[in-house]
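The values are calculated or read from the model by the stated rules, or taken from the named source; none is laboratory data. As the structure is a prediction and not an experimental result, all values here were calculated from the model. In this analysis, Cβ positions are derived from the backbone assuming ideal geometry, glycine residues included, and neighbour counts consider all displayed protein chains.
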Amino acid sequence: MTAIRLDGEAPAARIRSEIAERVTRLRNDGVTVGLGTILVGGDGPSARYVAMKHADCAEVGIESIHEHLPGWVSEEELLSVVARFNADPKVHAFLVQLPLPAALDEQRVLFAVDPDKDVDGLHPVNLGRLVMGAGGAVPCTPAGILELLRAHEVPVEGKHVVVIGRGLTIGRPLALLLTSKRPGCNAAVTVVHTGVEDLDGLIRQGDVVVAAAGRAGLVSADMIKPGAAVIGAGTSWEGRRLLSDVDESVADVAGWMTPRIGGVGPMTRAMLLANAVQAAESAR
Ligand code: GUN
């Protein structure tokens, strides 16, 4: 079997054009949507991700307001920028790019973001809303994965999804989302990590497998149920080359599979824009 390619570029472009229309409507009402980004340090991949977010903003007419702080910035200085963005009416939503340097307390920083401006959906209030099924911003990568599956009509409702990884930005919120009663969810979900017994056997049970462990080539063809949908969401870097958690050989067994580049990434970025415009609409 050669898997159907789960392209994220085309559905993300469709989402961006819908967002551009919403941004124009707001502009006609006198509101310029503003997305703030805070980058700490000069970490290569993070700087590139933030630059791509700015390019996406420019394409849909969202103004980006950027703060680049040195890697040795104090936690108090970082928190003062967060407080400034919280108070700035031009910043409708913003994010602090993760990971932060080890000396900074990531949780303290995430708690400090105004939940109404939390474009990442990572504030405890928004994660709590996700648990309760009470709306609020949904983390961008999980939301993007769902949109990607929906765009390609991959069955999810009532299916068994195996999520590999339990991190804050992907695995944990994705499992919450997939078990919710939202359309396109209602799945049976198993969350595993690289330390569980019989990891291969658990992964082999998945009708849909989402790899979000950040370990290159973790998922190989022998671990996949023939015909399953396989999503590579975890990434790692070898120099400037982006590596997927999913080995290319999986395409011979899977029914659907994301490409190494142009699968989940563009969808994540599109959902960030969607959360930003939603925050601006809600603020009115
Ligand atoms: N770094 C990797 N993923 C994310 C994310 O979803 N949000 C932020 N702020 N930083 C990230």
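Residues that are of a type in the set (S, T, Y) and under 16 Å from A233 (Cβ atoms) within region 182-222 comprise T190, T194, listed in sequence order. G34 passes every criterion in (1) crowded, with 21+ Cβ neighbours inside 10 Å; (2) closer than 28 Å to T235 by Cα apart from (2). As a summary of the residue check, G136 satisfies the conditions (1) modelled with pLDDT of 95 or more; (2) in a loop (DSSP other than H, G, I, E, B); (3) surrounded by 17 or more Cβ atoms within 10 Å (Cβ to Cβ); (4) within 16 Å of the ligand (Cβ to nearest atom) except for the one numbered (1). Residues in region 80-91 that are within 15 Å of the ligand (Cβ to nearest atom) and out of contact with any helix residue (DSSP H, G or I) (no Cβ under 6 Å at 6 or more places or on another chain): V81, F85.
Taking region 166-216 as the range and being closer than 24 Å to R150 by Cβ and assigned to a helix (DSSP H, G or I) as the test, the residues that pass are G171, R172, P173, L174, A175, L176, L177, L178, T179, I203. Within region 226-248, being among the acidic types (D, E) and part of a strand (DSSP E or B) holds for one residue alone: E238.
Looking at region 58-73, can you tell me whether even one residue there is exposed (fewer than 15 other Cβ atoms within 10 Å of the Cβ), under 18 Å from the mean Cα position of the chain (by Cα) and within 15 Å of the ligand (Cβ to nearest atom)? No: region 58-73 contains no residue that is exposed (fewer than 15 other Cβ atoms within 10 Å of the Cβ), under 18 Å from the mean Cα position of the chain (by Cα) and within 15 Å of the ligand (Cβ to nearest atom). All of E67, E76 fail the test of being in a helix (DSSP H, G or I) and of a type in the set (D, E), apart from E76.
Counting only residues that are closer than 16 Å to A283 by Cβ and part of a loop (DSSP other than H, G, I, E, B), which one in region 110-120 is farthest from the ligand (Cβ to nearest atom)? So, considering only residues that are closer than 16 Å to A283 by Cβ and part of a loop (DSSP other than H, G, I, E, B), the one farthest from the ligand (Cβ to nearest atom) is D114. Residues that are touching a residue at least 40 places away in the same chain (Cβ under 8 Å), touching a Lys or Arg at 6+ places or on another chain (Cβ under 8 Å) and not acidic (D, E) do not occur anywhere in region 15-24.
Select from region 129-145 the residues that are of a type in the set (V, I, T) and within 27 Å of D7 (Cα to Cα) and list them in ascending order. The answer is V138, T141, I145.
Out of region 92-109, which residues are part of a strand (DSSP E or B) and near the ligand (Cβ under 10 Å from one of its atoms)? Residues satisfying the conditions are F94, L95, V96.
Consider G239 carefully, then state whether it is under 23 Å from L100 (Cα atoms) and without any contact (Cβ under 8 Å) to a residue 24 or more places away in the chain. Spelling it out, G239 is indeed under 23 Å from L100 (Cα atoms) and without any contact (Cβ under 8 Å) to a residue 24 or more places away in the chain.
Given the criterion acidic (D, E) and crowded, with 22+ Cβ neighbours inside 10 Å, identify the matching residue among D118, D105. Unique residue meeting the criteria: D118.
Among the residues of region 157-185, those identified as among the β-branched types (V, I, T) and buried (at least 20 other Cβ atoms within 10 Å of the Cβ) are V161, V162, V163, I164, T169, I170.
Taken over region 37-57, the criterion of being part of a strand (DSSP E or B) and touching a residue at least 60 places away in the same chain (Cβ under 8 Å) is satisfied by T37, V40.
Filtered by the rule that a residue be in contact (Cβ under 8 Å) with a residue 12 or more places away in the chain and more than 21 Å from G42 (Cβ to Cβ), region 69-84 gives a lone residue, A83. The residues of region 168-192 that are in contact with a strand residue (DSSP E or B) (Cβ under 7 Å, 6 or more places away or on another chain) and under 16 Å from I231 (Cα atoms), listed by number, are G171, L174, A175, L178, A187, V189, T190, V191, V192.
I need the full set of residues from region 186-212 which are buried (at least 19 other Cβ atoms within 10 Å of the Cβ) and more than 19 Å from A251 (Cα to Cα), in order please. Of everything in region 186-212, those that are buried (at least 19 other Cβ atoms within 10 Å of the Cβ) and more than 19 Å from A251 (Cα to Cα) turn out to be A187, V189, V191, V192.
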